[in-house]
1. Quick check, is Gly35 more than 27 Å from Phe366 (Cα to Cα) and of a type in the set (Gly, Ala, Ser)?
2. Would you call Lys354 surrounded by 14 or more Cβ atoms within 10 Å (Cβ to Cβ) and farther than 28 Å from Gln79 by Cβ?
3. Within segment 274-327, how many residues turn out to be open to solvent by 100 Å² or more (accessible area, probe 1.4 Å) and either in a loop (DSSP other than H, G, I, E, B) or in contact with a Leu (Cβ under 9 Å, 6 or more places away or on another chain) (or both)?
4. Go through (1) away from the ligand (no atom under 13 Å from the Cβ); (2) within 20 Å of Thr141 (Cα to Cα) and name the single condition Ala173 misses.
5. Can you tell me how many residues in segment 207-219 are out of contact with any Lys or Arg (no Cβ under 9 Å at 6 or more places or on another chain) and within 8 Å of the ligand (Cβ to nearest atom)?
6. Check off (1) more than 8 Å from the ligand (Cβ to nearest atom); (2) open to solvent by 50 Å² or more (accessible area, probe 1.4 Å); (3) not charged (D, E, K, R) for Pro204 and give me the number that stays unchecked.
7. All but one of (1) modelled with pLDDT of 95 or more; (2) open to solvent by 10 Å² or more (accessible area, probe 1.4 Å); (3) touching an Asp or Glu at 6+ places or on another chain (Cβ under 9 Å); (4) within 16 Å of the ligand (Cβ to nearest atom) hold for Ala222; state the number of the condition that does not hold.
Amino acid sequence: MGFSIYLYSVLSFSGLVILLAAGLMIAERFLINYGICKLDINAGEKPLEVVGGQTLLSSLYANEIFIPSPCGGKGSCGQCKLTVVSGGGPVLPTETPHLTRKEIRSGVRLACQVKVREDIYVRIPEDYLNVKLFSATVESTRSLTYDIKEIRLKLNDPPEISQRPGQYVQIQAPSPDGPIFRAYSISTPAHEPTVVELVVRLVPGGIGSTYLHNLEVNNPAAFTGPYGEFYLNDDPSVEIVCVGGGAGMAPMKNIIYTIYDRWPERSCWLFFGCRTTRDIFYLEQFKKLQREHPSFHVVYALSDELGPDEKWDGETGFIHLSVDKYLEHDIPRQAFLCGPPLMIQAVTRVLEEKGIRPEDIFYDEF
Ligand SMILES: Cc1cc2nc3c(=O)[nH]c(=O)nc-3n(C[C@H](O)[C@H](O)[C@H](O)COP(=O)(O)OP(=O)(O)OC[C@H]3O[C@@H](n4cnc5c(N)ncnc54)[C@H](O)[C@@H]3O)c2cc1C
């Protein structure tokens with residue numbers, strides 16, 4: 001009896017809170033008019049006037065200022081950090097998991113969570129002000145595995161992109177609630193500036209990956225970019241190690257082809273983890289690159305037991321075991337990891353045991 005009264009009270013209270021929150025959201029959307037608000041960017045560098053009530057992220061987007069938001073503005077990736085000097089209102093509970101105490105003290109906020117309800121003064125890094133909106137046409141598509149496709153986009157306007165290897169773009173995909181954005185790494189190297197190639201794994205029911213998998217030659221496409229914090233060390237004596245799996249191939253392909261365009265003798269490793277032979281792609285083209293550049297080493301490993309019809313004479317087991325087997329200790333190197341979080345954790349541990357400094361390990365989880 002006591003428990004059911006307790007349960008009833010908790011449910012009634014939760015229901016009331018949900019109703020109030022929904023009421024506030026509806027009132028904010030349809031009844032409250034914040035009028036025109038001023039956005040001051042970098043102390044007068046780019047003054048804007050925007051209609052109040054939108055998020056800072058979408059207000060900036062409407063004015064062609066594209067802040068990285070690989071989660072599509074859902075508040076889950078924590079990438080759209082900007083310093084709001086004044087006018088952003090209090091920090092929200094949805095922001096705090098992504099902010100350190102120091103960041104909160106210095107006014108860092110998630111642009112996707114801050115609502116523009118008054119004049120705002122915001123500081124935006126110069127790199128972001130250089131991000132552009134691109135229109136493109138699908139040049140080709142091909143299946144690399146049962147769930148991964150390569151999609152090449154020929155740029156129309158602007159006709160070229162300037163990118164660092166390992167950076168990504170945010171593709172605009174239609175959805176019933178309006179356009180959404182998803183992050184995809186650029187797999188073409190910087191010396192092919194007129195094309196952006198993507199390597200996309202189909203996520204069942206996923207909006208962005210389904211849209212990209214259904215694109216056909218000559219379809220239009222739009223994206224913003226480039227974004228991303230990967231910095232390839234320019235010193236050719238520093239060995240480069242790329243480790244990944246699945247669509248994590250995209251940034252690594254870009255990095256590897258950039259390296260052999262700029263430094264034909266630079267030492268570089270590619271470790272690629274697959275579950276079965278069905279997940280293997282690009283192996284032949286990397287073997288060709290290895291023949292042309294003996295300082296390039298390619299290792300693919302299969303983690304599942306071989307099926308009765310499968311033939312494989314390469315490495316087996318999880319990819320971090322191959323990294324452990326092949327890499328020497330204590331030589332100057334930089335590593336780029338792209339794949340699922342568990343793989344990244346296991347590989348990071350092995351690399352640190354090999355003497356690589358944490359600041360020389362870059363990773364994208366996807
Ligand atoms: C910096 C960065 C670079 C990226 N580069 C690439 C790339 O080169 N190629 C690529 O294919 N992807 C890449 N991704 C992932 C990509 O941005 C999307 O998250 C992914 O394609 C799923 O988007 P979606 O719209 O299809 O699915 P959503 O509509 O967002 O999600 C549908 C459902 O699938 C779940 N889900 C979302 N993502 C995944 C996932 N990865 N695996 C399993 N379930 C998931 C969601 O929880 C949801 O339930 C990258 C992500 C980041 C952050």
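The values are calculated or read from the model by the stated rules, or taken from the named source; none is laboratory data. These figures come from a predicted structure and were not determined experimentally. FYI the Cβ positions are ideal-geometry reconstructions off the backbone, even for glycines, and counts take in every protein chain you see. Ligands, DNA and RNA are stripped out before the accessible areas are found, and what is left, the full protein with its side chains, is counted by its heavy atoms. Shrake-Rupley method; radii C 1.70, N 1.55, O 1.52, S 1.80 Å.
1. yes
2. Taking the combined requirement at face value, the residue satisfies it.
3. Residues that pass the stated criteria total 8.
4. (1)
5. 1
6. Pro204 satisfies all of (1) more than 8 Å from the ligand (Cβ to nearest atom); (2) open to solvent by 50 Å² or more (accessible area, probe 1.4 Å); (3) not charged (D, E, K, R) except (1).
7. Here Ala222 clears every test but (3).
Residues checked against (1) of a type in the set (Lys, Arg); (2) in the same structural domain as Lys81 (by TED's automatic domain parsing); (3) assigned to a loop (DSSP other than H, G, I, E, B); (4) modelled with pLDDT of 65 or more:
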| residue | (1), (2), (3), (4) |
| --- | --- |
| Ser4 | no, no, no, yes |
| Leu11 | no, no, no, yes |
| Ser14 | no, no, no, yes |
| Ala27 | no, no, no, no |
| Asp40 | no, yes, no, yes |
| Glu45 | no, yes, yes, yes |
| Val50 | no, yes, no, yes |
